[in-house]
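These notes concern the structure reproduced below.
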Amino acid sequence: MQKNIIKIGIAGLGTVGAETFQYIQNHQAFLKSRTGKDLIVTAVSARDKQKYRHLHLNDVTWCDNPAEMALRDDVDLVIELMGGADGAAFDLIQNALSCGKPIITANKALISKHAQRIFEKVNADKIAFAFEASVAGGIPIIKTIREGFAGNKITSVYGILNGTCNYILTEMAQKNMPFATVLKDAQDKGYAEADPSFDIDGIDTAHKLSILSAIAFGHIPKLDEIEIQGIRAITDLDINYADQLGYSIKLLGIAEETTNGISQIVAPCMLPKTASLSSVHGVFNAVFIKGDYMGDSLSVGRGAGGKATTSAIIADLIDICRGHFIHPLGQITQVEAKTIFKPIHQRQGQYYIRLLVKDEIGVIAEISAVLRDHKISLKSIIQHYQTEKSDDTVPVVITTHETNYGDVRAALTALSSLPVVMKPPHMMHILDL
Ligand code: NAP
Ligand code: HSE
């Protein structure tokens, strides 16, 4: 940016917005040393003006309508930290784009939904649109893939991309804590989305995967191309069986290039305890990338929380003030509107299946027959007899050899309809990373 004083509007003063506001207020000299400019917050917006926020807001203008912030003469650059794919956040970004003002956002839901029109506009009008904070805040993963790995053909991306889920799975495994208690803890720490079902049902991971996959493979993010499974169905039984089998459980976003196109999956996966991603615990995120020249790369850092996310926002702010910005996907020519995606049903892999069955003669034979009929080869089967039982059911856990995902899905449907199977089966991918 040409000006020596950059006037900033921040919309959203929650976990991330409040931290970012304070950072800019408290790091004036530091930011000037990095950019050569004075960076001042001139306007803010949030839903409730009366809320006490521990912030010094006396010298800034409060905007009741966040979208109007972008139209103000005393706002040169907009930081959107309200969230939501549409509504106030979308209106603000639309206004900033129409005024040609640089935008920084952490809003992966909005990017995942509206990338095509936003990217076309910023590319045509040469507007800075920066979103490093939208994926794995403490890891500069967007810049890493788009700029650091720009010379590589990326073949696969595996990410632990949701801090809340990784925190829940870690606490369940290490401290035997119940799911609901850990989720509440993650919410109290500011990790969870406004609607925590976005975290635990895998939607937030899918938003982030769609962005990383778009940058890695050069296409427009498309949420409806991703097969999404969250962590809601994971129980302490799964955690214990995974442990016995030598695995940890991680919610992964996976994008892989194959001969037929790119397959994108969000699912809880079992990884060998020795895998590098297995040692990523708590709120930490990690992204494991394979490329043709750089080989394998693993980046690890905090994935959620006000400070880690602010770190990414400030990096974008410094970049824009220095005059550095490129096309959001790092493309020079027109981005492909459509890539052919391989149907996930053709994916080959190993699987974990947990069943709750009637404890009676012939049950294992019935289950085995279903798997045989779907061409699925068993690798192991565990049935733990419990001496103190409150009913006549027993959990059975199966792992398969390499098999077709479509066949596994069909087998699960067939197993669900057996009278001896008491609950819908739970399935997880087993990855050998
Ligand atoms: P948050 O704590 O819920 O804060 C949201 C802020 O936006 C609040 O200040 C709220 O006002 C304001 N707001 C919401 N709707 C508004 C509207 N219609 N008009 C005006 N103000 C509105 O959310 P957050 O955790 O900071 O997340 C903000 C964004 O960052 C989201 O896109 C999220 O996905 C993303 N993000 C969050 C994290 C994280 O760890 N939390 C990490 C990376 C990215 P009030 O304060 O008055 O309610
Ligand atoms: N709710 C998100 C998470 C915030 O837990 O990862 C960071 O994007």
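The values are calculated or read from the model by the stated rules, or taken from the named source; none is laboratory data. Small disclaimer: the values here were computed from a predicted structure and weren't measured. All Cβ positions, even for glycine, are placed from backbone atoms using ideal geometry, and neighbour counts span all protein chains on display.
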(request) Count, please, the residues in region 94-113 that happen to be assigned to a helix (DSSP H, G or I) and under 16 Å from His327 (Cβ atoms). (result) 2
(request) Sort through Ile145, Ile139 and tell me the only one that's surrounded by 22 or more Cβ atoms within 10 Å (Cβ to Cβ) and either away from ligand 2 (no atom under 16 Å from the Cβ) or at pLDDT below 95 (or both). (result) Ile145
(message) Testing Tyr241 on (1) surrounded by fewer than 16 Cβ atoms within 10 Å (Cβ to Cβ); (2) touching a strand residue (DSSP E or B) at 6+ places or on another chain (Cβ under 6 Å), one condition comes back false. Which one is that?
(response) (1)
(message) Looking at (1) in contact with a helix residue (DSSP H, G or I) (Cβ under 7 Å, 6 or more places away or on another chain); (2) over 14 Å from Ala109 (Cα atoms); (3) more than 12 Å from ligand 1 (Cβ to nearest atom), which one does His219 not meet, given that it meets all the others?
(response) (1)
(message) For region 291-330, which positions are within 16 Å of ligand 2 (Cβ to nearest atom), in contact with an Asp or Glu (Cβ under 8 Å, 6 or more places away or on another chain) and farther than 14 Å from Val16 by Cα?
(response) Ala315, Asp316
(request) Please go through region 185-195 and pick out each residue that is part of a helix (DSSP H, G or I) and near ligand 2 (Cβ under 10 Å from one of its atoms). (result) Ala186, Gln187
(message) So, Ile313, is that one crowded, with 21+ Cβ neighbours inside 10 Å and under 23 Å from Leu251 (Cβ atoms) or not?
(response) no
(request) Would you check which residues across region 360-382 are in a loop (DSSP other than H, G, I, E, B) and of a type in the set (Lys, Arg) and list them? (result) Lys375
(request) Pull up region 260-290, narrow it to residues that are outside any strand (DSSP E or B) and touching a residue at least 60 places away in the same chain (Cβ under 8 Å), then point me to the one that is farthest from Thr235 (Cα to Cα). (result) Asn260
(message) Which residue is nearest to Arg302 (Cα to Cα), if the candidates are limited to region 109-162 and must be more than 16 Å from ligand 1 (Cβ to nearest atom) and among the aromatic types (Phe, Trp, Tyr)?
(response) Tyr158
(request) Filter region 171-184 down to the residues that are more than 18 Å from Gly14 (Cβ to Cβ) and of a type in the set (D, E, K, R), then identify the one that is nearest to ligand 2 (Cβ to nearest atom). (result) Glu171
(message) Restricting to region 163-177, give me the number of residues that are away from ligand 1 (no atom under 15 Å from the Cβ) and either touching a residue at least 40 places away in the same chain (Cβ under 8 Å) or in a helix (DSSP H, G or I) (or both).
(response) 8
(message) Residues to consider are Tyr191, Tyr247; find the one that is closer than 17 Å to Ala286 by Cβ, at pLDDT below 95 and surrounded by 21 or more Cβ atoms within 10 Å (Cβ to Cβ).
(response) Tyr191
(request) Any chance you could count how many residues in region 86-114 are of a type in the set (Lys, Arg) and crowded, with 24+ Cβ neighbours inside 10 Å? (result) 1
(message) For region 196-230, give me each residue that is more than 14 Å from Glu256 (Cα to Cα), more than 16 Å from ligand 2 (Cβ to nearest atom) and in a helix (DSSP H, G or I).
(response) Asp224
(request) Check Asp188, Asp199 and return the single one that is within 14 Å of ligand 1 (Cβ to nearest atom), charged (D, E, K, R) and over 18 Å from the mean Cα position of the chain (by Cα). (result) Asp188
